[in-house]
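Only one structure is covered here, and it is reproduced in the block below.
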Amino acid sequence: MHSTRSSVTEMTAPLLSIRNLKTCFPTRAGLVTAVDGVDLDLYPGECLGIVGESGSGKSVTFASVIGLVRSPGYVAEGTIRFDGTDLRNLEAEQWRQLRGRDIAMTMQDALTALNPALTVAEQIEEVLLAHATDLPRKGRWEAARARAVEMLRLVGIPAPDKRIDDYPHQFSGGMRQRIMIAIALSCRPKLLIADEPTTALDVTIQAQVLDLIGDLRRELGMSVVLITHDLGVVAEHTDRVAVMYAGQVVEIGPTQELISQPKHPYTRGLIGLIPRLSDLDAPIKPIEGQVPELIGLGGICRFHDRCDYRLPQCRSDIPMVAVGPGRQARCIRAKENLS
Amino acid sequence: MSAAIQAPAAMPERAETPTWQSLRRFSGDGFSVAAAIVVLIFVLLAVLAPWIAPHDPYETDLLRRLQPPAWMEGGEWSYILGCDALGRDILSRIIYGSQVSITIGLAVVLISTAIGTVLGLAAGYMRGWVDIAISRVVDILLGFPYLIFAIALMAMMGPGLQNIILALVYKEWVVPARVVRGEVLAAREMEYVEAARAIGAPRLHIMFREILPNILSPVIVVSTIRMAHVIILEASLSFLGIGVQPPTASWGSMVADGRSFVLDAWWVSTFPGIAILVLVLSINVASQGLRDAFDPKFSD
Amino acid sequence: MSDMQHRPLLEVRDLEKVYHLNSGLLQRIARQPALNLRAVNKVSFSIQPGETLGLIGESGCGKSTLARTVLRLHEPTSGSITFEGSDITKLPHREMTALRRSMQIIFQDPYASLNPRKSVEEIVGLPLSLHGIAKRGEIRDRVVAMLESVGLKSAHMGRFPHQFSGGQRQRIGIARALILNPSFVVCDEPVSALDVSIQAQIITLLESLKRELGLTYLFISHDIGVIGHVSDRIAVMYLGDIVEMGPSREVLKAPKHPYTKALLSAVPQIDAGARRERVKLTGDLPSPIAPPPGCKFHTRCPFAIERCRHEVPALRDLGGDMKAACHLVSAS
């Protein structure tokens, strides 16, 4: 799981490349820039964690990638390239071709994301019949059903040939999440975007689902974006991680290094407020204050009013700076040894 | 599958109650506001009838029997919409008739909403035998066809304004009672209700102070829609001759008056009919607007 | 605290809460067998004054029902609840209402637990006026003082819940619970709906309020990190039973019950060094309506033996204040 990704990244071209992405939502109070200048690269076969709190823009970033930003929101600027295709200039028909086949996304809430009126079989077959090109001409339906059963077996649903004709409400929360993963993976996508895949689940089930995604990634050789608020999940299941705050990526780097030596004060804060089972007496240090309103924020470090290390110079646009091999942080003091 | 991505909510500085927000949303809906204004005009007509009606609605003048509207041959401008079979001015009678429609519509809806809300709250919050008793009565009453039920009651009680109101209330309370009960069943499971119990709030406080304000919007919306329905029922009863008694002007009885010579003097039935149509339509459109304004709960 | 050992603030004996499903009129006429959901199954524990007992378990294990039954927000089916030395299990409604001043609850969902139609002043001031504690003029002052002690401003008094963020709403809920000066507070997943940075703020707030006001907490969470941080002792629940109970340190360092082991090993750790070998569970939580016979955990337990399928394990004393309900665990 924790392969030496950095050596690979230097050689291969990214599968997904996001540059200067800006996504806005007009509201009564003003224009909310939910994603503001995000740059990200995802390499084939890697698992990239996106960590942040609500309002950080982590989900909106990938809703923008997959063209599902809720109206009246819109992608205002930037380029999104996936496997050589410019995703920002796709026709509806091309999107339909791409979504489900090459890029799949799983949602946080499996109960509302699955159609309650269709059986699991119908929902998986629908995707397969629409996208899978390798189904035989003759007996397409039978082949699709066989593939659907196989997918359910792959995600660990017991007695899949029987349960495939059940409706979503007949499954438990963990099983529904698995079904959604089965649907997402049924056409062997190159990229799986998993948006908080385990937030609604209990820890023992969460462990099962995350292990499953990891196993399938290795088996199918796909790339995974794991969007989560849980640094523990990121630490155990990703190769690289990008920390987002108030619509921007504030730090990015290989997971283990980033967690053991965070460079951005926000990342430090996030790590400091996790209660540790290994050290029960270690105090948790809250980050005081709140995420700023994402309206008209310019020319200032977005974290500065909550930051213990702020300087007068923080009241300016802070660029990402390289702080090590494959590591960047959006802080003017990132290279200092802050304690 | 669609991404549930929404803009982060901006926090307004000014304190604004959820009701106020809904009204602000309503005021932005031009079509519904126009409909509400039409309803308001009818209410004004009813209140100001003695001052704005051009003629006495009861004054008969056999010389003007079935006089056509002003723009037709034989019409005159002081009797714009013409006269009925007894030579009474139709416009004045329509203006006075709005008193009947609006009085009955408002009275029936207010009384039955009050009754229905209390019973629905009791059934939904207390459950058990209270709920079973109230719900069975509701089910039984729903089994009767409304109009026939009202006709039967009117036949027993005899005609008159009060009796019409009573006859309609007898069944009308069922509608708000059902709506309220359903809403209460959902609301009583909310944590704020449990929180009120946890601080030791008495049952009546929880029912009327915690739950009621939160379920008022759907009740108001349903009541407005029902008002249109009640107005039609009153017109139907009056049309059948068991509603408001002559010579009092009621749109329903006016339509009935003209039905024997609808081919020769179409205006006698048509204008009160149009009045019913416009009022009912406006109430419906306005209540749709209200529903839309109240529905997206507090998400702005 | 040892001199207080004799008189716990709260003592619960064999508490049971059974919900009868399928007991409607039609089902009774059709003679359908009644379905019983045993949400809390003969649970016993006690909490000393000033202590925090952490209650942990996965969704559907009955921890929230247990807490609400202890407060008699739900009526217990059987068993007894003793609070400050007196049995409150059968206390009449009126006296129970008076007692609510001393026993309060903080809810999980900061959106559902505040009445959206009431201002902050009404919400936080209501307990005072209901119990007739303060006069009209005083209520305002006490609300202001309470809001300030939970980190809100008096300027917030006239606002409505939807104008606050999740963390601020949770502070309002805390203010409402604490304005009556309770001695015992149930914290029912008070941070699980909040963002991590806000979680830490609320946890530190709850801890400092506990110290200042001398509170006793029953703290419910599914988040083991949070529970480990706030609790003096921990009870682990599975399908209505307490399967393990003991001092936090012991339970987290050396769990005895296989379920606790599995739970702890499943928590993602940010330090690679702190990771434990995963005790993998198979399958899902069984239905609480028809729990498996014998040990309820045997269907998922990697160590289950034949005996577990038939015989229900009792919650046994293992010495050192540790208790576990497992046939495979012996006293040290």
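The values are calculated or read from the model by the stated rules, or taken from the named source; none is laboratory data. Just so it is clear, the structure is predicted and the values come from calculations on it, not from any experiment. Virtual Cβ from ideal backbone geometry, glycine too; neighbours counted across all protein chains shown. Areas reflect the complete protein model, heavy atoms only, side chains present, ligands, DNA and RNA absent. Shrake-Rupley method; radii C 1.70, N 1.55, O 1.52, S 1.80 Å.
Quick look at the numbers
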| quantity | calculated |
| --- | --- |
| Some residue of segment A:258-271 being farther than 19 Å from A:Cys331 by Cα, more than 9 Å from chain C (Cβ to nearest Cβ), of a type in the set (A, V, I, L, M) and not in a loop (DSSP other than H, G, I, E, B) | no |
| Failed item in (1) open to solvent by less than 30 Å² (accessible area, probe 1.4 Å); (2) facing chain A (nearest Cβ under 9 Å); (3) aliphatic (A, V, I, L, M), with C:Ala272 passing the rest | (1) |
| Considering residues of segment C:195-216 that are open to solvent by 10 Å² or more (accessible area, probe 1.4 Å) and more than 9 Å from chain A (Cβ to nearest Cβ) only, the residue farthest from the chain's Cα centre (by Cα) | C:Glu212 |
| Test: residue in segment C:226-237 that is away from chain A (no Cβ under 14 Å) and not in a loop (DSSP other than H, G, I, E, B) | yes |
| Residue list for segment C:63-100, filter: free of Cβ contacts under 8 Å to residues at least 60 places away in the same chain and polar (S, T, N, Q) | C:Thr65, C:Thr69, C:Ser86, C:Thr89, C:Thr97 |
| Tally, over segment A:76-97, of residues that are buried (at least 20 other Cβ atoms within 10 Å of the Cβ) and out of contact with any helix residue (DSSP H, G or I) (no Cβ under 6 Å at 6 or more places or on another chain) | 2 |
| Positions within segment C:213-259 being more than 23 Å from C:Thr69 (Cβ to Cβ) and without any contact (Cβ under 8 Å) to a residue 40 or more places away in the chain, in sequence order | C:Leu213, C:His229, C:Arg249, C:Leu252, C:Lys253, C:Ala254, C:Pro255 |
| Where a residue in segment A:129-147 is farther than 22 Å from A:Asp102 by Cβ and its partner, wherever it lies, is in a helix (DSSP H, G or I) and of a type in the set (Gly, Ala, Ser), with Cβ under 8 Å and at least six apart | A:Arg145/A:Ala121 |
| Of residues in segment C:112-152 being over 29 Å from the mean Cα position of the chain (by Cα) and part of a loop (DSSP other than H, G, I, E, B), the one surrounded by the fewest Cβ atoms within 10 Å (Cβ to Cβ) | C:Lys135 |
| Checklist (1) within 14 Å of chain C (Cβ to nearest Cβ); (2) open to solvent by 10 Å² or more (accessible area, probe 1.4 Å) applied to A:Ile179, failing item | (2) |
| Residue in segment A:96-122 that is nearest to A:Asp86 (Cα to Cα), counting only those that are among the polar types (S, T, N, Q) and away from chain B (no Cβ under 13 Å) | A:Gln97 |
| Residues within segment C:104-118 that are within 7 Å of chain B (Cβ to nearest Cβ) and touching a residue at least 40 places away in the same chain (Cβ under 8 Å), tallied | 9 |
| Qualifying residue in segment B:200-210 (condition: open to solvent by 70 Å² or more (accessible area, probe 1.4 Å), of a type in the set (Asp, Glu), within 14 Å of chain C (Cβ to nearest Cβ) and under 30 Å from C:Ile106 (Cα atoms)) | no |
| Candidates A:Ile205, A:Ile179, A:Ile183, filtered to the one that is without any contact (Cβ under 8 Å) to a residue 60 or more places away in the chain, closer than 24 Å to A:Glu46 by Cα and in a helix (DSSP H, G or I) | A:Ile205 |
| Top-ranked residue in segment A:151-176 [being modelled with pLDDT of 85 or more and outside any helix (DSSP H, G or I); ranked as surrounded by the most Cβ atoms within 10 Å (Cβ to Cβ)] | A:Ile164 |
| Options A:Arg240, A:Arg276, A:Arg218: the member that is among the charged types (D, E, K, R), surrounded by fewer than 23 Cβ atoms within 10 Å (Cβ to Cβ) and at pLDDT 85 or above | A:Arg218 |
| Segments classed as helices (runs of 4 or more DSSP H), wholly inside segment A:79-143, with at least 3 members that are under 25 Å from the mean Cα position of the chain (by Cα) and closer than 26 Å to A:Asp161 by Cα | A:110-113, A:120-131 |
